[in-house]
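Please treat every number below as a calculation from the coordinates, not as lab data. A quick note: this is a predicted structure, and the numbers were derived from the prediction, not measured. Cβ: placed from backbone, ideal geometry, glycine included. Neighbour counts: every protein chain shown.
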Amino acid sequence: MPEKKCTILVCQGTGCISGGAEQILNSLETELVRQNLSGAMQIKHAGCHGFCQRGPLVVIEPEGIFYTKVTPNDIPDIVHSLQPDTVPVERLLYYDTTINRPIKSFRDIPFYYKQQRLVLRNCGVINPENIDDALAAGGYQALRKALAMKPTEIIEEIKKSGLRGLGGAGFPTGRKWEAAFQAPGKDKYIICNGDEGDPGAFQDRSVLEGDPHSVLEGMIIAGFAIGARHGYAYVRNEYPFAVHRLGIAIKQARKRGFLGKNILGSKFSFDVEIFQGAGAFVCGESTALVLSIEGKRGMPRPLPRPRTTEVGLWDKPTLLNNVKTYANIPLIINHGSQWFASRGSEKSKGTAIFSLTGKVVNSGLIEVTMGTRLREIIYDIGGGIPDGRAFKAVQTGGPSGGCLPPELLNMPVDFDSLTAAGSMMGSGGMVVMDQDTCMVDIARYFLDFTQRESCGQCIPCRIGTKQMFDILDNITQGRGKPEDIDTLLELGNSIKDASLCALGQSAPNPVLSTIRYFRDEYEAHIYEGHCPAGVCHGCL
Amino acid sequence: MDANLIDARVEEILSTHGKGANKLVPILLAAQDAFGYLPGNVIQHVGEFLAISLGQIYSVASFYKRFQLTPVGKRRVTVCRGTACHIRGAPQIVNEIEQTIGIKEGETSADLEYTLETVACIGCCALAPCLKVNEAVHGAMTPRKAGVLFTDVSGNKNA
Ligand SMILES: Cc1cc2nc3c(=O)[nH]c(=O)nc-3n(C[C@H](O)[C@H](O)[C@H](O)COP(=O)(O)O)c2cc1C
Ligand code: FES
């Protein structure tokens, strides 16, 4: 009887931990000993595997056997199935309702095989708390390669790759690096934006939790390229596991000489420290983020403001990129800009990572090539809408984005097409809505959010969003007036034009896009006092 | 916590973080974690240590949502009102909890047992709707489950 030799991956992402993944790990250790298997099996703490909704997840490699919703009571059966001549525990496998049978390996589940996991390649696969695991997966090879290049060569590679910032706006990363490189001055800073304030988005958290070394590696390469010696990783304090794992990664990287003085024997020295955000959505904005590190209120700098690449932290040139933007850097350096640029659509290269949530059968963290159609994301990967309900809209870009209707399901998803449709890529939230979601209520919901989060510095954002909120609140209460839609459009357009920062400039998007695509719902509330989705209590 | 203990803990926080304006937020976060809120004398102490005016500290402490200037309950209940949770019924969860524990969003119960607050996102959106009791996340909530969760907890309290 051949003895099986397996690796048992136990997802330790925030989602699975909330479902009891830590107890699973403990039971597994005890049970392996009890069944005399501890020698042949390796247990691995892994980061987020992506399919959070089905967690806690346990994956048995090399076969990829995928167990969902595991509880400590299931562990004896799972361990038994590792004995020679046994079969997997069927009741825990993913059950595909379209073909009416369970699927054994996660590699055969559409949720996974329709994805293109490049940035997420290590998430759920390596142990994020063990640098040797990261190294075995190719970690820090790009750093070695980059240290042998000239900074300008690195910047040229990033420019040629076509990578655009994944923090929301899609600014070309290579151009930002070049500006930070060219900015005069010796003291420069690198900042990684892990504030992730968008409600409905958790991809930066998952990357930090699942593969912190790739993010660090990207930051170190950036530091070398622009000539910075110090970096900050700004992570919101609501993400304790992300902070914890990144902290471990930093310590381990220092020990191995990837951080600190004379990195890998070169003349380049660089170190990173973590800064925890204290909870303010607006602090995701570059100038506000910088001020909050300086110990001030995080309010965007007034206009006209110099670029952060010139006047940033402590007024020094500062390069600020999103978590996923940095995580892409090692890929580009390792595989070359050509390889990267061959993926994606004409003006959006590489992949996009989304938190697919809401009224969708499979929700979790996904990664697709830029330009993938909405329909493929929602139906092929997401498995469509649960309970036989009808798809109504998908919201992207969080409070800065908009709601897209069924007519746009064939739209390729990339930076420019989303913007043209009145939404935004944003940081990657994708919330699916069905017929039971009221679009006026959603608009009201987002304005409630922006109105609370406005820093209050500029009048259009502070007062304008409040006015829009009041009108929306009235409509949902059945007190709408015929002129409300026009007033909303007018207010929305002026707030967009006149606000000081992108928070205000994009705050009207949820309202404008729902009026654009779902005007009849507004009208039903206003003229008939009726909420078609049956959500608004004031108009049933 | 008695005054001497608080002082000792503050000293410890200040000495691990050190000086500099960029230490203000980290120090306040550590104090918030240690005491559950930012007591006035702690703020004063921090101000003296960092040589920052009280006005500036309060301006920072009142800006960020993590900081509380009044004591919070032993069980800090944080319900997510993020988009994914909202469309999956977060408002009903908040209602249910308000009724079960008898305080409104933003309030702390008189016996300092509970604080109920809402936040923009907990980052567990795939398990929506979610809430946190102190640091523990509870996903896939329903009003019924939320009701049971808090009836149990308050049941224990009465026992
Ligand atoms: C109100 C507001 C909130 C933002 N929040 C975030 C955030 O949470 N994470 C992020 O990476 N970028 C956020 N941004 C965008 C940043 O200002 C900045 O463009 C981005 O971090 C740059 O990184 P990138 O070039 O890699 O995209 C926000 C912008 C605004 C106006
Ligand atoms: S929207 Fe509730 S956890 Fe993200």
Within segment A:6-108, what percent of beta bridges assigned by DSSP are antiparallel, to the nearest 5?
-> 70 percent
So, for the Cα atoms of segment B:3-63, Rg and Dmax in Å stand at 10.2, 29
Once amide hydrogens are built 1.01 Å from N within the peptide plane, the residues lying 5 or more places from B:Gln68 or on another chain with amide H under 5 Å from its amide H are B:Leu38
Normalising by the residue count of segment A:251-293, find the relative contact order in percent from Cα pairs under 8 Å and 6+ residues apart.
-> 20 percent
Which percent, to the nearest 5, of DSSP beta bridges fully inside the protein assembly as shown are antiparallel?
-> 55 percent
Arrange A:Arg54, A:Arg479 by Cβ neighbour counts within 10 Å, fewest through most, would you?
-> A:Arg479, A:Arg54
Please report the relative contact order for segment A:6-108, taking Cα pairs under 8 Å with a sequence separation of at least 6, and give it as a percent rounded to a whole number.
-> 30 percent
How large is ³J(HN,Hα) for each residue in segment A:406-411, as worked out from phi by the Karplus curve 6.51 cos²θ - 1.76 cosθ + 1.60 (θ = phi - 60°), to whole Hz, x for Gly and Pro?
-> x, 4, 9, 4, 8, 6
Once Rh is set to the Kirkwood radius over Cα pairs, what Stokes-Einstein translational diffusion coefficient, in µm²/s, holds for segment A:416-540 at a temperature of 4 °C and a viscosity of 1.567 mPa s?
-> 89 µm²/s
Sequence order, segment B:102-116: Karplus ³J(HN,Hα) from phi using 6.51 cos²θ - 1.76 cosθ + 1.60, θ = phi - 60°, Hz rounded, Gly and Pro as x, gives x, 10, 9, 3, x, 9, 10, 6, 4, 7, 6, 7, 10, 10, 10
What average count of beta carbons from other chains do you get within 10 Å of the Cβ of residues in B:76-85?
-> 6
Under 5 Å from the placed amide H of B:Ala128, counting only residues 5+ away or on other chains, we find B:Ala140
Over its alpha-carbon atoms, the protein assembly as shown yields an Rg and a Dmax in Å of 25.0, 79
Qualifying aspartates and glutamates (Cα of each under 18 Å from Cα of A:Lys145; at least 8 residues distant if same chain) | A:Glu153, A:Glu156, A:Glu157, A:Glu217
By count of other Cβ within 10 Å, fewest leading, how are A:Val432, A:Val535 ordered?
-> A:Val535, A:Val432
Hey, can you grab everything whose amide H is under 5 Å from the amide H of A:Tyr232? Only 5+ residues off in sequence or another chain; H modelled, so Pro and N-termini drop out.
-> A:Ile190, A:Ile191, A:Cys192, A:Glu273
Calc'd 3J(HN,Hα), segment B:21-26, phi into Karplus 6.51 cos²θ - 1.76 cosθ + 1.60 (θ = phi - 60°), Hz, glycine/Pro = x, comes to 4, 6, 8, 4, 5, x
So how do A:Glu407, A:Glu285, A:Glu310 line up by other beta-carbon neighbours within 10 Å, fewest first?
-> A:Glu407, A:Glu310, A:Glu285
